[in-house]
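S.K.: Would you mind keeping the following structure in view while I ask a few things?
The values are calculated or read from the model by the stated rules, or taken from the named source; none is laboratory data. All figures in this text were calculated on a predicted structure; none of them were measured in a lab. Backbone-built Cβ (ideal geometry, glycine too); neighbour counts: all protein chains shown. Quick note on the areas: whole protein, heavy atoms, side chains included, nothing else; ligands and nucleic acids left out. Shrake-Rupley method; radii C 1.70, N 1.55, O 1.52, S 1.80 Å.
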Amino acid sequence: MSADVETSEGVDESEEKNSVAPGKENHTRMADLSELLKEGTKEAHDRAENTQFVKDFLKGNIKKELFKLATTALYFTYSALEEEMDRNKDHPAFAPLYFPMELHRKEALTKDMEYFFGENWEELVKCSEAAQKYVERIHYIGQNEPELLVAHAYTRYMGDLSGGQVLKKVAQRALKLPSTGEGTQFYLFEHVDNAQQFKQFYRSRMNALDLNLKTKERIVEEANKAFEYNMQIFNELDQAGSALARETLEDGLPGHDGKGDVRKCPFYAAQQDKGALEGSSCPFRTAMAVLRKPSLQFILAAGVALAAGLLAWYYM
């Protein structure tokens, strides 16, 4: 029918369409899952933006040992996520979002693990307690409520395609990693030519899922739970860090290693200027001793890894 033909009410069809389009379009847009997720997790985004981990990572304040262990935490997370994605690749609420060649990270993380830890890396690594809880949540969702799996997939992969690329450059610069990609294979999406276009495509697929509003709201709720698991790991990190610092102090470790001129130590120089050198101890050895604790290393790893995910959200 021509757009010039009037309807029985005497209104041009094109005008009638235009008169209802704005409201209908707005309703449709707000009902889109991607929009609901964006609005529904805004508070979590705001909290993530202000975490000390995010600020430090952006500044390049990350040690190689922590980055190695962060890779460990990512390996466990993506192993669980991709196992459940494979399990539900034919589920109608997830099948349109199944892109193993383009998105899956486990193989890339395996290469990074081998680079950092050597061929026997599987014998050397483990998952922290808080990170394990998140892994268990992913498995529960995949096996019992697969319609919510999209919350975890969208949170992780869209972030990796966004802020993850920033993190890659920060890590390579701060840790002097090879520009050829060794140690940062996780951030390399060989089968995604244009990240921005792929994200748009992924969101359109997600918005096209045949889900009612209640299910979409549950997905948003699950995405917020994912952020809560992240925060639990940060809390674990803070508590364990404080406890291990006290433990180290109780061990009576010496403050200075006795090498070189003690006056060149910034801590001692500052204390001497204040006339407070006596009875003081340099925190350098304490910090290094704490970081050598395996249990703290794994907790720090999980914290850094999840901070990377939160930062990725910030850059989406």
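S.K.: Applying the selection to region 189-212, what residues are within 18 Å of HIS152 (Cα to Cα), out of contact with any Pro (no Cβ under 9 Å at 6 or more places or on another chain) and part of a helix (DSSP H, G or I)?
M.R.: Of everything in region 189-212, those that are within 18 Å of HIS152 (Cα to Cα), out of contact with any Pro (no Cβ under 9 Å at 6 or more places or on another chain) and part of a helix (DSSP H, G or I) turn out to be PHE198, LYS199, GLN200, PHE201, TYR202, ARG203, SER204, ASN207.
S.K.: Right, here's the next one. What's the total number of residues in region 68-78 that are farther than 12 Å from ARG156 by Cβ and either at pLDDT 90 or above or small (Gly, Ala, Ser) (or both)?
M.R.: 4
S.K.: Then there is this: What number of residues within region 206-222 satisfy the criterion of being touching a helix residue (DSSP H, G or I) at 6+ places or on another chain (Cβ under 6 Å) and closer than 19 Å to PHE99 by Cβ?
M.R.: 3
S.K.: Then there's this: Yes or no: region 222-239 includes at least one residue that is over 16 Å from the mean Cα position of the chain (by Cα), surrounded by fewer than 18 Cβ atoms within 10 Å (Cβ to Cβ) and modelled with pLDDT of 90 or more.
M.R.: Among the residues of region 222-239, not one is over 16 Å from the mean Cα position of the chain (by Cα), surrounded by fewer than 18 Cβ atoms within 10 Å (Cβ to Cβ) and modelled with pLDDT of 90 or more, which makes the answer no.
S.K.: Kindly indicate the residue of region 83-105 that is in a loop (DSSP other than H, G, I, E, B) and either of a type in the set (Asp, Glu) or open to solvent by 50 Å² or more (accessible area, probe 1.4 Å) (or both) and also nearest to ARG203 (Cα to Cα) among those meeting that condition.
M.R.: TYR98
S.K.: For the subset of region 100-142 comprising residues that are hydroxyl-bearing (Ser, Thr, Tyr) and under 20 Å from ASP160 (Cα atoms), which member is modelled with the lowest pLDDT? It would help to see each step written out before you state the result.
M.R.: Kept after step one, since they are hydroxyl-bearing (Ser, Thr, Tyr), are these residues of region 100-142: 110, 115, 128, 134, 140.
Among the residues that remain, those that are also under 20 Å from ASP160 (Cα atoms) are: 110, 134.
Values: THR110: 97, TYR134: 90.
The qualifying residue modelled with the lowest pLDDT is TYR134.
S.K.: All but one of (1) surrounded by fewer than 22 Cβ atoms within 10 Å (Cβ to Cβ); (2) modelled with pLDDT under 95; (3) under 15 Å from ALA226 (Cβ atoms) hold for GLU145, so report the exception by its number.
M.R.: (2)
S.K.: Suppose the filter is assigned to a helix (DSSP H, G or I), modelled with pLDDT of 95 or more and within 20 Å of the chain's Cα centre (by Cα); does GLY159 pass it? Write out each step before concluding.
M.R.: Details: assigned to a helix (DSSP H, G or I): yes; modelled with pLDDT of 95 or more: no; within 20 Å of the chain's Cα centre (by Cα): yes.
Here the answer is no, as GLY159 does not meet what is asked.
S.K.: Could I ask something else about it? When you go through (1) touching a helix residue (DSSP H, G or I) at 6+ places or on another chain (Cβ under 9 Å); (2) closer than 26 Å to LYS214 by Cβ; (3) at pLDDT 95 or above one by one for ASP90, which number turns out not to apply?
M.R.: The number of the failed condition is (1).
S.K.: Also, quick follow-up: Write out, first by first residue and then by second, each pair whose Cβ atoms fall under 6 Å of each other, whose residues are 6+ apart or on separate chains, and whose first residue, in region 95-106, is within 14 Å of LEU149 (Cα to Cα) and touching a residue at least 40 places away in the same chain (Cβ under 8 Å) while the second is open to solvent by 50 Å² or more (accessible area, probe 1.4 Å) and not in a loop (DSSP other than H, G, I, E, B).
M.R.: As it stands, the answer is PRO96/ARG205; LEU97/ARG205, since those pairs meet every condition given.
S.K.: Of the residues in region 167-188, how many are under 14 Å from TYR157 (Cβ atoms) and either at pLDDT 95 or above or open to solvent by 90 Å² or more (accessible area, probe 1.4 Å) (or both)?
M.R.: Of the residues in that region, 1 qualify.
S.K.: While we're on this one: Report yes if ALA108 is assigned to a loop (DSSP other than H, G, I, E, B), farther than 20 Å from TYR134 by Cα and open to solvent by less than 20 Å² (accessible area, probe 1.4 Å), otherwise no. Even if it seems obvious, please write down each step before you answer.
M.R.: Values: assigned to a loop (DSSP other than H, G, I, E, B): no; farther than 20 Å from TYR134 by Cα: yes; open to solvent by less than 20 Å² (accessible area, probe 1.4 Å): yes.
No.
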